[in-house]
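Structure record follows, encoded as structure tokens.
The values are calculated or read from the model by the stated rules, or taken from the named source; none is laboratory data. Owing to the predicted nature of the structure, the values given are computational and were not obtained by experimental measurement. When we count neighbours, we look across all protein chains shown, and the Cβ atoms used for this are built from the backbone with ideal geometry, even at glycine.
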Amino acid sequence: MITLPLDIQLLFAGILFMLGLVGVLVRRNIFFILMSIEIMLNSAGLVFIIASAYWKQPEGQAMFIFILAVAAAEVSIGLALILRVYHHYRTLDVEAINKLKDKE
């Protein structure tokens, strides 16, 4: 089994987190923002798995399962909200929704 050094693994998790953060800050579509938040949650879970493997403790894996459960709940609620926003405003663009907010 090939193992990577700890710093390379953490660097990969950090790059994933930064990609998710850039997606949240740059994208204007609500759906893509939700996917970027998922990438950020998965990178945080990856750090727990890396630490769990490094210290040979099972708590990191248990925490990752908790993160997956939170992510599943976040996706289900987020998609329901996205559907409601789309049916109400007929767009998923955050800036357009913000402009339409004053015209109601």
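Would you mind stating whether Leu4 is over 30 Å from Glu95 (Cα atoms) and at pLDDT below 95? Criteria met by Leu4. Pairs are defined by a Cβ separation below 8 Å, a sequence spacing of at least 6 or placement on different chains, a first member in segment 51-76 that is over 27 Å from Phe32 (Cα atoms), and a second member that is part of a helix (DSSP H, G or I) and of a type in the set (D, E, K, R); the pairs so defined are Ser52/Glu59.
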